[in-house]
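Computed from the coordinates by the stated procedures, all read-outs in this text should not be read as laboratory data. Treat the numbers as computed from the prediction; the structure is a model and nothing was measured. In this analysis, Cβ positions are derived from the backbone assuming ideal geometry, glycine residues included, and neighbour counts consider all displayed protein chains.
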Amino acid sequence: MQQKIVLIGGPGTGKSSILREFINLGYNCMPEISREVILKAQKEGIDQLFLEQPLLFSQMLLEGREQQYLEAEKNDTDIIFFDRGIPDVHAYMNFLGSEYPAIYKEKSNKYLYTKVFMCAPWEKIYLSDNERYETFEQAVKIDTFLKESYKEIGYEIINVPFGTIKERCDFILQSL
C-alpha cells in the first residue's frame, strides 16, 4: 500500500527545502502549488489573490491539491511526499476567519494521508518574498490553525525537529 506523506507547517518552515531534498534522493513528490496560483493571478493583474479573493484562491488550491492526490493514486511508488495537504486549505480559511463551503472539510476527510509531519515556525530560517508575504508572527498563528485542522480529522502529527535539511529528511524517513 502506498504511503502518502504530507509535510505541513506555516510559511517559511522549510517544507519545500525538505521536499527538494527528497526529490534529489529519488522520491516522488508533489510540490506546493500556492506559488503557481499566486503567480498566475499576478499575471492576470491580481496582486495578492489570497488577500483580495481568499475564497477563489482557496478553491483553486483545493482543486489543485485534489488533482495532486488523484495523480499520486495512479503512481505505483511505495512512498510519495506532499508539500502541504488538502486540510491546509480550510486551515488557512480558518486563520482568515472566512467562511467556506462544507466541501472543503468533506474533501479533507475523503482524501487521507498516511502520516503527517509538521515543520514548526523557525525564525532563523524564515524569509518573506514576493509570494510569501506573511510576517513571522502570522506564520506562528497559521501553524496553530494547521495543527487544529489536521487533529480535527484525526491525524497524529509528528513534529520534525530543527536541524539541517539532511537531518530533517533523515528524521522523516526513520519515522516511516
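Tabulated values for the structure
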{"read-out": "Label point distance in nm, residue 78-residue 3, each placed 7 Å from Cα along Cα→Cβ", "value": "0.8 nm"}
{"read-out": "Net length gained if the chain between residue 148 and residue 162 were fully extended (0.36 nm per residue, minus Cα distance)", "value": "2.9 nm"}
{"read-out": "Contour excess over end-to-end distance, with Cα ends at residue 175 and residue 63 and 0.36 nm allotted per residue", "value": "37.4 nm"}
{"read-out": "About the Cα centre, charge dipole magnitude for the stretch 3-174 (Lys/Arg +1, Asp/Glu -1 at Cβ), debye", "value": "240 debye"}
{"read-out": "Convex hull volume per residue in cubic angstrom - Cα atoms of the stretch 1-72", "value": "110 Å³"}
{"read-out": "Segment residue 23-residue 47, length gained on full extension (0.36 nm per residue, minus Cα span)", "value": "5.6 nm"}
{"read-out": "Entries of 43/115; 105/141; 15/105; 74/124; 4/147; 74/105 with Cα pairs more than 30 Å apart", "value": "43/115; 74/124"}
